[in-house]
Structure formats: structure tokens, C-alpha cells
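A.B. asks: First, the structure itself, so that you have it in front of you.
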């Protein structure tokens, strides 16, 4: 493949939202420290921060999206581990449960665009269906390798690689810098 591989803008947004939901709403490690996802009263604001253009989320919708984030994390991890059949099974389950379906929508002043909706157009089901569909489009093409889990020690945050050469390995420049600094220190330390 030559040139820069890009997802269309809507799919790219949904992939970025998928990573943001996973990174915001799932426990684990982030940048070398334990990470506890927001819960209870803090959950709606965290969901709203992860979704572009959303001012808020009702507690039930936020809880639904937190469960979706757990499922999305499992997909990223399966792809990272080269278990594409497992990732496909997870996505198919999520696609079925949300009733994901494509639909042509038009934003004023824009051409027709394919958007992905759920069996109902609630915030939680709609975003879950869209994220699942975007991951399915990546997995069902030669772009599955663009989904990753940070390779820095003590970090399990996920990312979507939009780089030209598909060489991204870290969720952030902070993790990349941590790994480079540790390697530098290791080279500078004399061996006994």
C-alpha cells in the first residue's frame, strides 16, 4: 500500500471516540500509574468529555457506554494479540446487541454521508453502534493493524494509528518519552 492510509472523517471520528471511551471509562494503567475509571456521579461528565459535541449524558446512558467501553477494550486487546477471530466475534456481538445499521444523513452544506445508528437513536445506543461499526470496518479491511494497545510499561491505554507509516506503538507522546528516557538511562548505566 502506498501513501497515507486514512479512514473517512466519520469513521476516523468514531475510531477516536472508541479509543477515548476505552481510555476514559475502563480501569487499568495509564502512563505508568494505576488508573481508576470514573464511577457513579462522575461518570456522566466523563462520558460527555469523551464524546465530541455532547454537553452531557444521563446516568443510565453513561453506564451503558461504560459497559460498551469494556467491550471495545476487549476488541482492541484481541487485535493487539493478533486474535482477529475473537475480535470479530466480540464486534459481531456488539453490532447485534446495538442493532447497528448504516443510514445516509446530510448535514446542511455538506454532501450525503454514511452514518451508523443503533436500533434506537438514543445517545448510548447510537454511539455504541457507531463505534462498533467503525471498529468492524477497520477489522474487516487491511486497517486492523491500526488499532493498538500502548506498549509502554505500566500502560494499557489504546490508540488508533493514523500515522503515515503505521509505526505507532504508544498511546501518547508521554509514554513514548518515558520509554525513550528509560532506554537512555539503561544505556548510560555501566554494567558490572
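Readers should treat all values here as calculations from the given coordinates under stated rules, not as data from a laboratory. As the structure is a prediction and not an experimental result, all values here were calculated from the model. All Cβ positions, glycine included, derive from the backbone under ideal geometry; neighbour counts span all protein chains shown.
A.B. asks: Between a residue in the range 147-167 that is without any contact (Cβ under 8 Å) to a residue 40 or more places away in the chain and any residue that is not in a loop (DSSP other than H, G, I, E, B), which pairs come within a Cβ distance under 8 Å, given they are 6 or more apart or on different chains?
C.D. replies: These pairs meet every condition: 150/158; 150/159; 150/175; 151/179; 161/145; 161/146; 161/147; 161/148.
A.B. asks: Considering the range 37-76 alone, what residues qualify as being surrounded by fewer than 19 Cβ atoms within 10 Å (Cβ to Cβ) and either more than 20 Å from residue 14 (Cα to Cα) or in contact with a strand residue (DSSP E or B) (Cβ under 8 Å, 6 or more places away or on another chain) (or both)?
C.D. replies: The answer is 37, 38, 39, 40, 41, 42, 58, 59, 60.
Residue-by-condition table, conditions (1) in a loop (DSSP other than H, G, I, E, B); (2) surrounded by fewer than 18 Cβ atoms within 10 Å (Cβ to Cβ):
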position: 108; (1), (2): yes, yes
position: 116; (1), (2): no, no
position: 135; (1), (2): no, no
position: 142; (1), (2): yes, yes
position: 155; (1), (2): yes, no
position: 171; (1), (2): yes, no
position: 175; (1), (2): no, no
position: 178; (1), (2): no, no
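A.B. asks: In addition: Which of (1) touching a strand residue (DSSP E or B) at 6+ places or on another chain (Cβ under 7 Å); (2) on the phi > 0 side of the Ramachandran plot is the odd one out, the single condition residue 15 does not satisfy?
C.D. replies: Checking residue 15 against (1) touching a strand residue (DSSP E or B) at 6+ places or on another chain (Cβ under 7 Å); (2) on the phi > 0 side of the Ramachandran plot, the one that fails is (2).
A.B. asks: Same structure, new question: In the range 144-153, what count of residues is obtained for those that are more than 15 Å from residue 91 (Cβ to Cβ) and assigned to a strand (DSSP E or B)?
C.D. replies: Residues meeting the conditions: 2.
A.B. asks: Listed residues 49, 69, 60, 30; which is within 15 Å of the chain's Cα centre (by Cα), touching a residue at least 40 places away in the same chain (Cβ under 8 Å) and over 28 Å from residue 142 (Cβ atoms)?
C.D. replies: The match here is 30.
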